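One structure is given here, and the rest of the page talks about it.
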Amino acid sequence: MKINLQPFNIDDTEKLSQWIEDERSLIQFSGGIFTFPITRSQIQEYLADTKRHVYKVLISRKVVGHAEIYLDEAQSAKLCRILVGDPDMRGKGIGQLIIFRLLTIAFTEFNVQRVHLNVYDWNTTAIKCYEKVGLQINPGKSTHIPFRNDSWTAINMVIDKAGWQERRHKEKIG
C-alpha cells in the first residue's frame, strides 16, 4: 500500500472534523490546541503558523488521515497530530507508513538531525507503531495534560538522523 502526503488546507477542515467525534478524541489528537468542535477559524489560525507543515494523508486519491511536522528548533522537528481518520483504514499499517514518510521529509527536506513526538502512555497501539519505525522512548521526559477530572501522561519518543538512516537501510524502506 502506498500513501501520499499533500498539503492540508482550510477546505479539508470538514473531513478532519468528521473524524473527531468528541472532546476526548480531540484531546487525544491535538493535545489541547483546539477546542471541540474544530472550526474553520481554529484551522485558519493553526495553518497560519509557518513552523507547521500540515498534511492530509491519501491512499488512491482518498483522504484517510492527517499529519504534521512542526519545526521547533533549527536541528529538531516534532511530529504532531497524526491521525488515521478513516476507521476502515485503521489497523493496516498505515500509521507506520505515515510516520516513515514524515521522518523522510523531516530528515531529507528539512534537514533536521532529530525528530521527536509525544504520545499518551495509554495509547499502546501508537507507541508500538512508533517503535516499529525506530522511535524510542525518551526516559524522564513526559508532560501531563489535564482532561476533565483526570491527568493524561504524554511520553516523549525520539529518533536521530543516524538511527533513521540505519533503520531505513536495514529494513530497505524509503
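The values are calculated or read from the model by the stated rules, or taken from the named source; none is laboratory data. Since the model is a prediction, treat every value here as computed from it, not as a measurement. Note that we place each Cβ from the backbone using ideal geometry, even for glycine, and neighbour counts take in every protein chain shown.
Can you tell me how many residues in region 104-149 are surrounded by 15 or more Cβ atoms within 10 Å (Cβ to Cβ), among the basic types (Lys, Arg) and assigned to a strand (DSSP E or B)? Residues meeting the conditions: 1. For region 150-174, filtered to residues that are under 23 Å from Phe34 (Cβ atoms) and surrounded by 14 or more Cβ atoms within 10 Å (Cβ to Cβ), the residue that is farthest from the chain's Cα centre (by Cα) is Trp152.
None of Ile59, Ile82 is among the aliphatic types (A, V, I, L, M), modelled with pLDDT of 95 or more, under 23 Å from Asp160 (Cα atoms) and in contact with a strand residue (DSSP E or B) (Cβ under 8 Å, 6 or more places away or on another chain) except Ile82.
Candidates Leu47, Leu5, Leu16: the one that is surrounded by 13 or more Cβ atoms within 10 Å (Cβ to Cβ), aliphatic (A, V, I, L, M), more than 14 Å from the chain's Cα centre (by Cα) and modelled with pLDDT of 95 or more is Leu47. Tell me which residues, restricted to region 66-118, are polar (S, T, N, Q) and in contact (Cβ under 8 Å) with a residue 60 or more places away in the chain. The answer is Thr104, Asn118. Selection of region 81-113 for residues being in contact with a helix residue (DSSP H, G or I) (Cβ under 7 Å, 6 or more places away or on another chain) and either among the small types (Gly, Ala, Ser) or at negative phi (or both) yields Ile82, Leu83, Val84, Gly85, Gly95, Gln96, Ile99, Phe100, Leu103, Phe107, Val112, Gln113. The sole residue among Ile27, Ile3, Ile20 that is among the aliphatic types (A, V, I, L, M) and more than 30 Å from Asp160 (Cβ to Cβ) is Ile20.
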